[in-house]
Amino acid sequence: MYKIFIIEDDAAMSSAMEKQIGAWGNEVRCAKNFQNVLTEFTQFDPHLVLVDIALPFFNGYHWCSEIRRISNVPVIFISSASDNMNIVMAMNMGGDDFISKPFDLNVLMAKLQAILRRTYDLQGKVPVLEHGGAVLNLNNTTLSYNGQVIDLTHNEFRIMQTLMENRGKVVSRDTLMVRLWEVDSYVEENTLTVNIARLRKKLEAAGLADYIKTKVGSGYII
């Protein structure tokens, strides 16, 4: 369930949006004090804001900039003033999308769900590469297999990352050398050989024997 905050002074419009959004299991609150919208925003702490441009006292641009001072929550502008200048202004003030009035409530929900998915469903997921039961954590540069955590040196991590990004394909020694050069100004070819040998020993000790195969004259493959 997400919390959606609506800043719209048209009672019929805000009521219709509140009903539609709430029907999808979300908690919805409509702004009541248009002189002090920010207080209501901070008290509710929503996941997404819908804001009209034309409002009493201060316009939607003002409230979007005020929200942006304290939060990165997605903001969608809804307005009949949908000329290019207003759309550009809305984006420049920190808006994430612009929906022109009149709009279909189903289209509104589709837009909301897409932004909420992109903003929240992907957060907290650790970026990883996986192959053959081995999982490379790109955040902490470790490799996991069967409950074991294998610590890798920076060079070993670079090698594993390159091989796993190209799993099923032969990766040339030159390609691997380039990845290592991204870290060091110069790497001797022997350095790659030594790192591959050490990496293989770590993998074998963890039960991943023959995980990295040599293709003579071509390079390496997992």
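The values are calculated or read from the model by the stated rules, or taken from the named source; none is laboratory data. The structure displayed is predicted, hence computed values, not measured ones. All Cβ positions, glycine included, derive from the backbone under ideal geometry; neighbour counts span all protein chains shown.
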Could you give every pair whose Cβ atoms fall below 6 Å, whose first residue belongs to segment 76-89 and is without any contact (Cβ under 8 Å) to a residue 12 or more places away in the chain, and whose second residue is outside any helix (DSSP H, G or I), counting only separations of at least 6 or pairs across chains?
87/98
Filter segment 40-69 for residues that are surrounded by fewer than 15 Cβ atoms within 10 Å (Cβ to Cβ), within 14 Å of residue 3 (Cα to Cα) and touching a residue at least 12 places away in the same chain (Cβ under 8 Å) and give the result.
42, 45
Only one of these conditions is not met by residue 168: (1) touching a Leu at 6+ places or on another chain (Cβ under 8 Å); (2) assigned to a loop (DSSP other than H, G, I, E, B). Which number is it?
(1)
Which residue out of 86, 106, 72 is surrounded by fewer than 17 Cβ atoms within 10 Å (Cβ to Cβ), more than 21 Å from residue 19 (Cβ to Cβ) and at pLDDT below 90?
72
Pairs where the first residue, in segment 1-28, is farther than 17 Å from residue 102 by Cα and at pLDDT 90 or above and the second is crowded, with 16+ Cβ neighbours inside 10 Å and of a type in the set (Gly, Ala, Ser), C-beta under 9 Å, 6+ apart:
5/31
Exactly one of these conditions fails for residue 187: (1) touching a Leu at 6+ places or on another chain (Cβ under 6 Å); (2) β-branched (Val, Ile, Thr); (3) at pLDDT 90 or above. Give me its number.
(3)
Requiring at least 3 residues that are farther than 30 Å from residue 55 by Cβ, the strands (runs of 3 or more DSSP E) wholly within segment 74-161 are 128-131, 134-137, 142-145, 148-151
